[in-house]
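Every read-out reported here was derived from the displayed coordinates using simple, explicitly stated rules and does not represent laboratory data. It should be emphasised that the depicted structure is a prediction, and the values quoted were computed from it without experimental measurement. Cβ atoms come from the backbone with ideal geometry, glycine included; neighbour counts cover every protein chain shown.
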Amino acid sequence: MNSGQANSDGILYSPNKSGKTYISLNYHRSKTKKDKTLWMNNISRIQEYELFCTSDDNIWATNNGPTADYWGILNKGDTELGTEGEWLCKFERPINDPDPWHGYPVGENTKGITPGKYLVEFWFQTGVIDKAVQKRIYRSYR
Amino acid sequence: MKIAKLLIPGRFENAFAYMGRLITVTEDRAMQIYNLESIANFIETKYSVTLPTPTYMFSRNDWFSSPQFKTLMQNEAIAKDLYAAFDRFPQPFLDWTEISHLDSKISRPELQKPLAINDTAILDMSVYNNRIYIGTTDSLLHLDVEIPQGATAKVQEPQKRLEVGCVNIAVKYGAANASCGSDGLFTLINDFSWRPEVVRRTEHIESGSLRTGWLDYGFVNYPALNEPYLFKFQSEKARQNSNLERESRVLTEVNLDAESFTDYLPGNVKESDFVDNTQYSYNSNNSFFVRTNAGKFYSYKIKKSRDASTSILPNSIPEKSISRIVSVNPTKVGPVIETSNRIVILSNETGQLEVLHDGRAIAIKTFPQSKRFQHLVAITIDEGVLLVSLFDEAAFTTPNGANGFSNNSHQYADLRF
């Protein structure tokens, strides 16, 4: 099991199956910066990392380009991921390739951050979400 | 509260009750129109012990408001018999296919027509003045429909109105507000030429919009679920020919200087505090609802005074704890609140929440502007369209239309985050 290594920014996880590293950042775990969303306490850091690995394994990317970010969802959105009811999360691709990825919960009211049609349709076609959740994402994220 | 549910099985995207019909769009992109009056009559012939529930609940909600009905309900014995008839309606719901197969004519929709719509997903539908507006991930379309009395409905071919995705459509005052997410808010002005001298046009009003809510002198745009901005508009008297909606005024111009709607809240709530602490906000013509991130739900009355100034006052409904709100839809009985995993009604009369459906919805529509369907909720679910009709007997059990609840003093003074 990849238990991660603590550093000053968070817990750094060693490369996963596809060779990507991931850091669970401290500022998405306790409120030290305004405007940074927080993971729910019951989503442990290892679960956060596993959620990233699920996104990576299934290529839950915003488009099929080489610079696309990933998104995550649990139990068709029934599981809240963030402390303010966020039920989707985004994993940002590092600017420099060997750097670690990181992720955070994204709420409907975060403007300009949306999984986009490409991924929503992929999720819907592959049964990750049902039709109600498909429409819910379109109607509330922009 | 008496609740009657009728399931029309099928694979639907959206459903809208209009002029005695249920207008639906199916998953395989066909329009199906059902005659609700015929359906209610047929149910009454098969379940005569429920008479007159089916007609009142699924075809003529306006009869609940008639002076004759109110007079009848003052007779305790008649009221008791009527409640008993409501209670005999099949629970938890009547599956239309259980009886519709008994008559081959009624088992089919009145109209079934393929739609030339290839857009990825259908997101909203609204019907107004014989025009069906459909918002999709890729466009806004309209189809004109004819719904003659005693004859079969006809639908024209779709016409594309906008080439951007449209997540919500709100129609009133001869206009349509098309909320198009990050592509913004578009208003289709004088869309039926009720003022011939005013140019029929589409205006881009704002850079972001998830939905709008009409007031009688403006509308509130929501660029995010927690950001209400008030836009005022100019209007002129409507010509009555072809005006099936009985609108007295036509929107002719939108004032582009928006104000934060939170400025009208009691207690000097700062806009930034409101946004930081609110998960969801919503307005109808006379109410404003807020759910905070902490899970508290507040209801307000919107008042417009004679000098045209607006104020938002606390309602008598006490604060409630409620899970994350997805949508709010007004009915005459109270707002229908869609939460992350269930749909509830908040009674105007008692302030109590009652579950209408346990589970998620593909679409929910209510019909506050309708004559006949103000008590009806059309919930599109995986199994079909669940028509939920609501009759709140509390409105008839005590004088003043409420069981003492509406006489409560305001139970809170302002927003408490």
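For this structure, a couple of remarks:
- Peptides A:49-59, B:192-202 ordered by average Cβ neighbours within 10 Å, highest first: A:49-59, B:192-202
- For the segment A:127-134, counting C-beta atoms of other chains within 10 Å of every residue's C-beta and taking the mean gives 4.
- Most to least packed among B:251-260, B:264-273, B:216-225, B:27-36 [average Cβ atoms within 10 Å]: B:216-225, B:27-36, B:251-260, B:264-273
- The calculated 222 nm mean residue ellipticity attributable to helices in chain A amounts to -7500 deg cm²/dmol, summing -39500 (n - 2.57) over DSSP H runs of n ≥ 4 and dividing by all residues.
- Packing-based ranking of A:86-97, B:365-376 yields B:365-376, A:86-97, ordered from highest to lowest mean Cβ neighbour count within 10 Å.
- Tilt relative to chain A, helix A:131-140 - C-alpha long axis, 0 to 90 degrees, to 10: 80
- Among A:106, B:333, the ranking by other beta carbons within 10 Å of each residue's beta carbon, starting with the fewest, stands as A:106, B:333.
- If only the Cβ of Lys and Arg carry +1 and only the Cβ of Asp and Glu carry -1, the dipole of chain B around its Cα centre is close to 760 debye.
- Other protein chain Cβ atoms within 10 Å, averaged over every residue that makes up A:102-108: 2
- Principal-axis analysis of the Cα atoms of chain A puts helix A:116-125 at an angle of about 80° to the longest axis.
- At 1.306 mPa s and 10 °C, Stokes diffusion of the range B:1-114 via Kirkwood alpha-carbon radius, µm² per second: 104
- Over 18 Å [Cα-Cα, chain A], rounded percent: 53
- Average projected area [Cα convex hull, the protein assembly as shown], square nanometres: 27.7
- Placing pseudo-labels 7 Å out from each Cα toward the beta carbon at residue B:276 and residue A:31 gives an inter-label distance of 0.8 nm.
- The lysine pair tally for the range B:135-250, using Cα distances under 26 Å and a gap of 8 or more places or different chains, is 4.
- Net dipole in debye of the range B:79-142 [+1 Lys, Arg Cβ; -1 Asp, Glu Cβ; about Cα centre; nearest 20]: 220
- Separation between Cα centres of the range B:171-220 and the range B:23-69, rounded to whole Å: 32
- Across all directions, the average projected area of the convex hull around the alpha carbons of chain B is 20.0 nm².
- Summarised in one figure, the compactness ratio Rg/Rh of the range B:293-356, Cα atoms and Kirkwood Rh, is 1.02.
- For the range B:186-247, a Kirkwood radius taken over Cα pairs fed into Stokes-Einstein (25 °C, viscosity 0.890 mPa s) yields D = 188 µm²/s.
- The Rg/Rh ratio for the range B:57-108 is 1.12, where Rg is the radius of gyration of the alpha carbons and Rh is the Kirkwood radius.
- Projecting the Cα positions of B:31, B:16, B:4 onto the charge dipole of the range B:1-44 (unit charges on Cβ atoms of Lys, Arg, Asp and Glu, taken about the Cα centre) puts B:4 furthest along the positive direction.
- The range B:80-223, Rg to Rh (Cα coordinates; Rh as Kirkwood inverse mean 1/r): 1.09
- Unit charges on C-beta of K, R, D, E only; dipole of the range B:239-289, Debye: 360
- Remark on the range B:124-203: hydrodynamic radius 13.0 angstrom, per the Kirkwood mean of 1/r across alpha carbon pairs.
- Dipole of the protein assembly as shown, positive end: most advanced residue of B:116, B:241, B:265 [Cβ charges, Cα centre]: B:241
- Under 16 Å from residue A:117, Cα to Cα: lysines that are on another chain or at least 8 residues apart: A:90, A:131, A:135
- Look at the stretch A:111-123: the mean tally of other chain Cβ atoms within 10 Å of its residues' Cβ atoms is 2.
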